[in-house]
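Asker: One structure, as structure tokens, below. Some questions next.
Just so it is clear, none of the values below were taken in a lab; they were calculated from the coordinates. Every value quoted in this text rests on a predicted model; they were computed, and no experiment measured them. Neighbour counts run over all protein chains shown; Cβ positions are idealised from the backbone, glycine included.
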Ligand code: SF4
């Protein structure tokens, strides 16, 4: 291990420890009970808030129980059911095609490995890693907009490409903290380190952060 890698690992460890204190109850915001429910919720979460997805899935998950249920669903009915999450036509196409893949190629079970997850219709690395980490307990880093932005600002990653950010973070975040690390960055991104105006003056990891344009407390 190089000196640089070792110092980045230390930095990641310090950031995680501080954020764990700040967000002791951190967890994935999407509600689900099975890997299939998480997969469907993640497809619906594109360009939509987690709260809105949860409102839709509470009744959706009571009606559709299996991958085959989604594959065989009436398109117009399902479109109306998920309409509040936006982009509903494309989302229904993905959910139905993904359900068909799971039903036909994986005996109705969401696969628990990256390669097979990536082979499902509409499933990219972010979604696959979030499913692996949160539904199967496999160490994985799913790079969403919060994780990417904060990792770059703090100086734990450099690339703008989410796949490369995933590789950079995977090299320095301890395996047993990978899933939690993503939730912590998401919480911090929502509450303090917003995309437009981060509240750096009240940020608990300020001293470990490399962001060059840190904000200062507004003068009264
Ligand atoms: S110091 Fe500012 S930019 Fe850095 S993590 Fe905190 S809020 Fe974000």
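Asker: Which of the residues spanning region 27-77 are surrounded by fewer than 16 Cβ atoms within 10 Å (Cβ to Cβ), over 22 Å from the mean Cα position of the chain (by Cα) and within 16 Å of residue 89 (Cβ to Cβ)?
Answerer: Answer for region 27-77, where residues must be surrounded by fewer than 16 Cβ atoms within 10 Å (Cβ to Cβ), over 22 Å from the mean Cα position of the chain (by Cα) and within 16 Å of residue 89 (Cβ to Cβ): 74, 75, 76, 77.
Asker: Go through 194, 151 for me and flag whichever is within 15 Å of the ligand (Cβ to nearest atom) and without any contact (Cβ under 8 Å) to a residue 12 or more places away in the chain. Don't jump to the end; show me each part of the working.
Answerer: Details: 151 fails: without any contact (Cβ under 8 Å) to a residue 12 or more places away in the chain.
Residue meeting the stated conditions: 194.
Yes/no matrix, rows are residues, columns are (1) in contact with a helix residue (DSSP H, G or I) (Cβ under 7 Å, 6 or more places away or on another chain); (2) in a helix (DSSP H, G or I); (3) surrounded by fewer than 17 Cβ atoms within 10 Å (Cβ to Cβ):
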{"site": "97", "(1), (2), (3)": "no, yes, yes"}
{"site": "108", "(1), (2), (3)": "yes, no, yes"}
{"site": "128", "(1), (2), (3)": "yes, yes, no"}
{"site": "143", "(1), (2), (3)": "yes, no, no"}
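Asker: Still on this model: Within region 145-165, count every residue that is assigned to a helix (DSSP H, G or I) and either in contact with a helix residue (DSSP H, G or I) (Cβ under 9 Å, 6 or more places away or on another chain) or surrounded by 18 or more Cβ atoms within 10 Å (Cβ to Cβ) (or both).
Answerer: Within region 145-165, the subset assigned to a helix (DSSP H, G or I) is 145-154, 162-165.
In the following step, the residues that additionally are either in contact with a helix residue (DSSP H, G or I) (Cβ under 9 Å, 6 or more places away or on another chain) or surrounded by 18 or more Cβ atoms within 10 Å (Cβ to Cβ) (or both) were identified as 145-154, 162-163, 165.
Of the residues in region 145-165, 13 are assigned to a helix (DSSP H, G or I) and either in contact with a helix residue (DSSP H, G or I) (Cβ under 9 Å, 6 or more places away or on another chain) or surrounded by 18 or more Cβ atoms within 10 Å (Cβ to Cβ) (or both).
Asker: For region 200-220, give me each residue that is farther than 16 Å from residue 148 by Cβ and either exposed (fewer than 13 other Cβ atoms within 10 Å of the Cβ) or more than 10 Å from the ligand (Cβ to nearest atom) (or both).
Answerer: Step one: list which residues in region 200-220 are farther than 16 Å from residue 148 by Cβ, which gives 200-208, 212-220.
Of everything in region 200-220, those that are farther than 16 Å from residue 148 by Cβ and either exposed (fewer than 13 other Cβ atoms within 10 Å of the Cβ) or more than 10 Å from the ligand (Cβ to nearest atom) (or both) turn out to be 201, 202, 207, 212, 213, 216, 217, 218, 219, 220.
Asker: I need a count of the residues in region 40-54 that are within 13 Å of residue 134 (Cβ to Cβ) and either assigned to a helix (DSSP H, G or I) or touching a strand residue (DSSP E or B) at 6+ places or on another chain (Cβ under 9 Å) (or both).
Answerer: Of all residues in region 40-54, those within 13 Å of residue 134 (Cβ to Cβ) come to 41-42, 45, 50.
Checking the rest, the ones that are also either assigned to a helix (DSSP H, G or I) or touching a strand residue (DSSP E or B) at 6+ places or on another chain (Cβ under 9 Å) (or both) come to 41-42, 50.
Within region 40-54, residues that are within 13 Å of residue 134 (Cβ to Cβ) and either assigned to a helix (DSSP H, G or I) or touching a strand residue (DSSP E or B) at 6+ places or on another chain (Cβ under 9 Å) (or both) number 3.
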